[in-house]
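Let me begin by presenting the structure, written as structure tokens, before commenting on it.
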Amino acid sequence: MSTPEQSSKTAKIGMIGLGVMGENLARNIERNGYSIAVWNREPKKVDEFVGQLVGHEVIGAHTPEEFVKSLERPRKAILLVKAGDPVDWTVNQIKPFLEEGDIIIDGGNSYFMDTERREKSLKAEGFNFIGSGVSGGEKGALWGPSLMPGGDRAAYEQIRPIWEAIAAKVDDGPCVTYIGPGGAGHFVKMVHNGIEYGDMQLIAEAYDLMRTVLGMSATEMADVFDEWNRGDLESFLIEITAQILRVKDEETGQPLVDLVLDKAGQKGTGKWTSDIALDLGIVTPTIDAAVDTRNLSSRKEERVEASKQIKGPERAAFSGDRREMIQAIHDALYASKICSYAQGMNLIRAGSNAYQWNIDLGECARIWKGGCIIRAQFLDKIKGAYQSRADLPNLLLDPDFNAFVEQSQPNWRRAVSTAIQSGVAVPGMSASIGYFDTYRTANLPLNLTQAQRDFFGSHTYERTDRPGQPAVHTEWEEMLKKG
């Protein structure tokens with residue numbers, strides 16, 4: 001329980017959930033000058049945390065009532081608990097002790113429609129609910145994450161000074177902005193995670209091309225990723241890839257990455273991104289390929305057996321210019337990355353339009369420049385693209401991105417075709433170039449698809465020689481009989 005001295009104090013804000021993210025975000029908040037109260041279902045966690053911060057502005061609470069009473073009004077309580085039912089359970093634990101105007105902030109990876117539901121329900125009871133994406137992992141939470149808050153604008157203004165204080169800082173401000181009402185913040189965080197899936201898949205494919213086709217060692221690949229991180233691919237994920245490739249296993253002396261089982265886990269946000277993209281009619285093949293590959297990676301035993309029974313092409317030693325192929329892989333990675341971000345930004349726009357959130361795409365790119373997992377140099381270019389043209393239909397139509405993709409096409413195609421000829425799977429790069437080629441094609445073969453639909457299902461079609469006219473149906477078999 002809190003001491004008598006503690007019980008007479010109140011904190012500016014509270015934290016529920018003292019996992020790694022909750023603890024680190026709480027430390028970040030207190031370090032930036034805001035007193036904080038903490039509560040966890042396990043009292044021992046509370047006592048341990050408070051004990052580590054003796055002399056700091058931290059109040060420990062052992063019950064929901066004690067926690068709520070330790071907060072200044074209007075109360076501001078952050079939830080960092082597992083998404084789903086635990087969020088509703090936690091809200092119900094503290095709700096009896098809240099008063100009108102108090103603010104609950106869900107900082108976890110909740111599904112945006114759950115956030116919409118919670119926000120509406122709590123508003124009807126007089127409370128404010130903010131769904132705030134928090135990206136950056138445990139280090140970001142401690143030293144400055146990227147924050148994506150959504151909900152009632154007036155409620156956000158009450159936490160804005162804290163959010164701006166704890167967010168990562170870049171050249172054009174803190175990495176936080178008001179995203180929009182309802183579940184807008186968690187929607188943007190979800191898409192951010194989908195883009196993250198795509199980024200990681202594309203980097204893995206670049207690594208595999210160097211490893212399998214070029215036969216490069218981990219140290220050689222680390223040097224390449226270090227070089228790339230000093231250029232237009234500069235990013236957190238490229239940086240840590242180089243670092244990972246340099247770590248040696250203490251027992252065997254082998255590169256530790258070679259001893260990591262090739263089964264990639266996931267928490268569902270990538271799948272959510274693919275699902276809502278289908279619902280909104282937005283094409284996200286690079287992200288979808290990343291989700292699919294993680295799913296297929298989990299079938300390790302089946303893949304091992306398949307590798308024994310299904311033979312691919314014979315792989316001859318690479319005989320070309322290795323530096324040229326590394327450059328081709330670089331260009332394929334960057335061009336595919338542009339396609340992946342184009343898909344993600346278009347999905348954010350579609351969600352904004354569907355739910356009337358009025359999301360600023362340029363601001364989304366800006367707040368991802370620091371703190372978050374996908375932070376990268378080229379996000380500044382994305383911000384600039386949307387500042388120049390807010391209604392830009394696709395990043396591929398931005399002059400700068402278009403120019404790069406245009407000049408990188410030969411290398412992009414060379415890298416992907418080399419992978420295919422060598423039997424190396426590059427589903428992300430393949431999906432990206434397929435997206436690119438489909439998007440830039442004025443006349444797709446889907447005229448045949450629509451004709452088939454009309455043939456077997458009388459679904460009708462529009463005629464190219466009669467633009468604007470009503471769709472028509474043809475009795476195709478009858479036409480054949482007429483010759």
Would you point out which residue out of VAL257, VAL291, VAL213, VAL283 is touching a residue at least 24 places away in the same chain (Cβ under 8 Å), within 26 Å of ASP380 (Cα to Cα) and out of contact with any His (no Cβ under 6 Å at 6 or more places or on another chain)?
-> VAL283
Residue pairs meeting the criteria (Cβ under 9 Å; at least 6 apart or on separate chains; first on the phi > 0 side of the Ramachandran plot and without any contact (Cβ under 8 Å) to a residue 60 or more places away in the chain, in the range 132-161; second hydroxyl-bearing (Ser, Thr, Tyr) and assigned to a helix (DSSP H, G or I)) = GLY151/THR115
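Can you pull out every residue in the range 364-395 that is more than 19 Å from GLY281 (Cα to Cα), open to solvent by 50 Å² or more (accessible area, probe 1.4 Å) and either in a strand (DSSP E or B) or not small (Gly, Ala, Ser) (or both)?
Hits for the range 364-395 are ARG375, GLN377, ASP380, LYS381, GLN387, ARG389.
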Find all pairs meeting these conditions: Cβ atoms under 7 angstrom apart; at least six residues apart or on different chains; first residue within the range 60-71 and under 17 Å from ALA26 (Cα atoms); second residue open to solvent by 20 Å² or more (accessible area, probe 1.4 Å) and of a type in the set (D, E, K, R).
-> GLY60/ASP47; VAL68/ARG75
PHE436: in a helix (DSSP H, G or I), surrounded by 11 or more Cβ atoms within 10 Å (Cβ to Cβ) and in contact (Cβ under 8 Å) with a residue 24 or more places away in the chain, yes or no?
-> yes
Of the residues in the range 94-118, those that are open to solvent by 20 Å² or more (accessible area, probe 1.4 Å), closer than 30 Å to GLY270 by Cβ and touching a residue at least 24 places away in the same chain (Cβ under 8 Å) come to ASN109, TYR111, MET113, ASP114, GLU116
Check GLY265 against each of (1) farther than 22 Å from GLN421 by Cα; (2) open to solvent by 30 Å² or more (accessible area, probe 1.4 Å); (3) modelled with pLDDT of 95 or more and name the one condition it does not meet.
-> (3)
ASP172 passes all but one of (1) modelled with pLDDT under 95; (2) acidic (Asp, Glu); (3) within 30 Å of ARG323 (Cα to Cα); which number fails?
-> (3)
Selection count where residues are under 23 Å from GLY144 (Cα atoms) and in a loop (DSSP other than H, G, I, E, B), scope the range 27-58 = 10
For the range 39-47, indicate whether the set of residues that are at pLDDT below 95 and on the phi > 0 side of the Ramachandran plot is non-empty.
-> no
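Okay, residues lined up against (1) over 30 Å from the mean Cα position of the chain (by Cα); (2) surrounded by 21 or more Cβ atoms within 10 Å (Cβ to Cβ); (3) over 18 Å from GLY131 (Cβ atoms):
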residue: VAL20; (1), (2), (3): no, no, yes
residue: ASN32; (1), (2), (3): no, no, yes
residue: SER35; (1), (2), (3): yes, no, yes
residue: ASP47; (1), (2), (3): yes, no, yes
residue: GLU57; (1), (2), (3): yes, no, yes
residue: ALA61; (1), (2), (3): yes, yes, yes
residue: GLU65; (1), (2), (3): yes, no, yes
residue: ILE78; (1), (2), (3): no, yes, no
residue: VAL81; (1), (2), (3): no, yes, no
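Just checking, does the range 330-341 include any residue being modelled with pLDDT of 95 or more, of a type in the set (Asp, Glu), over 17 Å from the mean Cα position of the chain (by Cα) and open to solvent by 20 Å² or more (accessible area, probe 1.4 Å)?
Restricting attention to the range 330-341, the residues satisfying the condition of being modelled with pLDDT of 95 or more are 330-341.
From what is left, the residues that are of a type in the set (Asp, Glu) are 331.
Okay, now just the ones that are also over 17 Å from the mean Cα position of the chain (by Cα), so 331.
If we keep only those that are open to solvent by 20 Å² or more (accessible area, probe 1.4 Å) too, we end up with none.
No, that holds for no residue.
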In the range 138-154, anything open to solvent by 30 Å² or more (accessible area, probe 1.4 Å) and farther than 14 Å from ILE104 by Cβ is listed as GLU138, LYS139, LEU142, TRP143, ARG153, ALA154
The lone exception for ALA264 - which of (1) of a type in the set (A, V, I, L, M, F, W, C); (2) over 24 Å from TYR439 (Cβ atoms); (3) in a helix (DSSP H, G or I) it fails | (3)
Within the set of pairs 6+ apart or on separate chains, which have a first residue in the range 223-239 that is under 9 Å from GLN377 (Cβ atoms) and part of a helix (DSSP H, G or I), a second that is of a type in the set (Val, Ile, Thr) and open to solvent by 30 Å² or more (accessible area, probe 1.4 Å), and C-beta atoms under 7 Å apart?
-> none
What's the number of the condition ASP249 fails, among (1) within 18 Å of the chain's Cα centre (by Cα); (2) open to solvent by less than 70 Å² (accessible area, probe 1.4 Å); (3) acidic (Asp, Glu)?
-> (1)
The residue that is surrounded by the most Cβ atoms within 10 Å (Cβ to Cβ), considering only those in the range 396-410 that are closer than 13 Å to ASP437 by Cα and among the aliphatic types (A, V, I, L, M), is VAL405
Specify which of the listed residues (GLU205, GLU157) is of a type outside the set (S, T, N, Q) and open to solvent by less than 10 Å² (accessible area, probe 1.4 Å).
-> GLU205
Would you check which residues across the range 439-461 are open to solvent by less than 40 Å² (accessible area, probe 1.4 Å) and touching a residue at least 24 places away in the same chain (Cβ under 8 Å) and list them?
-> ALA451
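Let's see how each residue does on (1) part of a helix (DSSP H, G or I); (2) at pLDDT below 95; (3) more than 25 Å from ILE373 (Cβ to Cβ):
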{"position": "GLY60", "(1), (2), (3)": "no, no, yes"}
{"position": "PHE67", "(1), (2), (3)": "yes, no, yes"}
{"position": "ILE78", "(1), (2), (3)": "no, no, no"}
{"position": "VAL91", "(1), (2), (3)": "yes, no, yes"}
{"position": "ILE104", "(1), (2), (3)": "no, no, yes"}
{"position": "ASN109", "(1), (2), (3)": "no, yes, no"}
{"position": "GLU116", "(1), (2), (3)": "yes, no, no"}
{"position": "GLY126", "(1), (2), (3)": "no, no, yes"}
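The values are calculated or read from the model by the stated rules, or taken from the named source; none is laboratory data. Nothing here was measured: the structure is a model prediction, and the numbers come from that model. All Cβ positions, glycine included, derive from the backbone under ideal geometry; neighbour counts span all protein chains shown. Ligands, DNA and RNA are excluded from the accessible area calculation, which covers all protein heavy atoms including side chains. Shrake-Rupley method; radii C 1.70, N 1.55, O 1.52, S 1.80 Å.
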